[in-house]
Amino acid sequence: MTEIPQERRVVTAIPGPKSQELQARRVASVAGGVGSVLPVFTARAGGGVIEDVDGNRLIDFGSGIAVTSVGASAEAVVRRASAQLADFTHTCFMVTPYEGYVEVCEALAELTPGDHAKKSALFNSGAEAVENAVKIARSYTKRQAVVVFDHGYHGRTNLTMALTAKNMPYKQGFGPFAPEVYRVPVAYGYRWPTGPENCGPEAAAQAIDQMTKQIGAENIAAIIIEPVLGEGGFIEPAKGFLPAIVEFANANGIVFVADEIQSGFCRTGQWFACEDEGIVPDLITTAKGIAGGLPLAAVTGRAEIMDSVHGGGLGGTYGGNPVACAGALGAIETMRELDLNGKAKRIEEVMKGRLAAMREKYADKVGCSIGDIRGRGAMIAIELVKDPATKEPNPEAAGALAKACHAEGLLVLTCGTYGNVLRFLPPLVIGEELLNEGLDILENAFAGI
């Protein structure tokens, strides 16, 4: 495995000529509905750097959307996956099982919140995990209704599109969607009418009132929420909101599902984001950072809930693929050995300090202000507004900033229901010098728009 120099290098326009040639081939052969944030074609990646086919090295503030938390070529992931590749690539766990699948389930039982007996089932993607969590909850409760929240994102399958709040680009033109899905308010502190200090209890009261009156608690199989909402804009539900929702779920026999697909595996400075308020979910869904870039997902939960499904009711041809399982064991090894929870907390300290200074420095910038800085660990975002007083979203500024960063060799992502949030998801192994250089580029981009 060749080590990639951990330094930014821009030697051509971005995208460069080789990437442009590949883009022309892509346009001719890849479906137009498959988008890309930045059409630079990757040659190799590792640490905090992506190297493209033109020899440019970009600072990575995206991690493949929170996937390559341990880096895109972590030694333990490559070592374990390579060894497994040499032994066998696939048998299908439902045909002839193998130890790696069991080892991953054992690790999940140990790492996820709560000291109750737990079991897991493995899948390929976050959407699959969420969809199977719904199946399991319905099997266990013998109920049908599923509750989700404003600004939530849960996937692109038919059921998970129904669970997802944002229409464009995820739902537009793809209906009809699965029934018995209900959406209630979330505690979005920055935009709560009576202020963030009142948001948690007020939002919880509204959500519970809607569930009780519009659905009936006795009809709800599952309540599903991201402990830090990802695509919706890295919204941290205001304090007190999640505990109140969990209490309501527990009191009414409802399965509480924590969707930790983007926030899990050290991303927020804890193994799982729901630990922040001591939340112990009944089921927890994981994917993205679980396997260092290999496709793997899981539903982990209380043994009696997981075992409520009849034999053969869960599975899938590739679910828990042996190579992906080996990658997951390598990723978990890396997280432990390098204390990536500690690294995430340090990234938060550096980023929030720099971003707060930028907000103050550009407070008087006409038409573009940092309205909010939020997130935890290495899951940080800024919400851009036209005027801090009105909080009118400014998606144009988010797009302009991202474009300016890309041109200088910094990969950043946008998100948010209003398209006005810049999100930062650097690999947890990124060097501090590279992290600060990326923030320098962002600050220069602010000065230029």
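The values are calculated or read from the model by the stated rules, or taken from the named source; none is laboratory data. Just so it is clear, the structure is predicted and the values come from calculations on it, not from any experiment. Neighbour counts run over all protein chains shown; Cβ positions are idealised from the backbone, glycine included.
One residue stands out in the stretch 84-123 among those that are surrounded by fewer than 19 Cβ atoms within 10 Å (Cβ to Cβ) and among the polar types (S, T, N, Q): the one that is nearest to Ala324 (Cα to Cα), namely Thr89. Looking across Gly264, Gly253, one residue alone is buried (at least 24 other Cβ atoms within 10 Å of the Cβ), at pLDDT 95 or above and in a loop (DSSP other than H, G, I, E, B). It is Gly264. Exactly one residue out of Ala117, Ala145, Ala133, Ala86 is within 19 Å of Gly264 (Cα to Cα) and small (Gly, Ala, Ser), and it is Ala133. Of Ala187, Ala205, Ala238, Ala221, all but one fail to be part of a loop (DSSP other than H, G, I, E, B) and either surrounded by fewer than 24 Cβ atoms within 10 Å (Cβ to Cβ) or more than 23 Å from the chain's Cα centre (by Cα) (or both); the exception is Ala238. For the stretch 49-63, check the following and say yes or no: at least one residue is hydrophobic (A, V, I, L, M, F, W, C), part of a loop (DSSP other than H, G, I, E, B) and either within 28 Å of Arg156 (Cα to Cα) or in the same structural domain as Ala378 (by TED's automatic domain parsing) (or both). Scanning the stretch 49-63, I find at least one residue that is hydrophobic (A, V, I, L, M, F, W, C), part of a loop (DSSP other than H, G, I, E, B) and either within 28 Å of Arg156 (Cα to Cα) or in the same structural domain as Ala378 (by TED's automatic domain parsing) (or both), so the answer is yes. In a loop (DSSP other than H, G, I, E, B) and surrounded by 18 or more Cβ atoms within 10 Å (Cβ to Cβ) - does that describe any residue in the stretch 359-368? Yes: one or more hits. Taking the conditions (1) within 20 Å of Ile136 (Cα to Cα); (2) surrounded by 21 or more Cβ atoms within 10 Å (Cβ to Cβ) in turn, Arg156 satisfies each one other than (2). Looking across the stretch 222-264, the residues that are closer than 18 Å to Met161 by Cα and of a type in the set (A, V, I, L, M, F, W, C) come down to Ala222, Ile223, Ile224, Ile225, Leu229, Val257, Ala258, Ile261.
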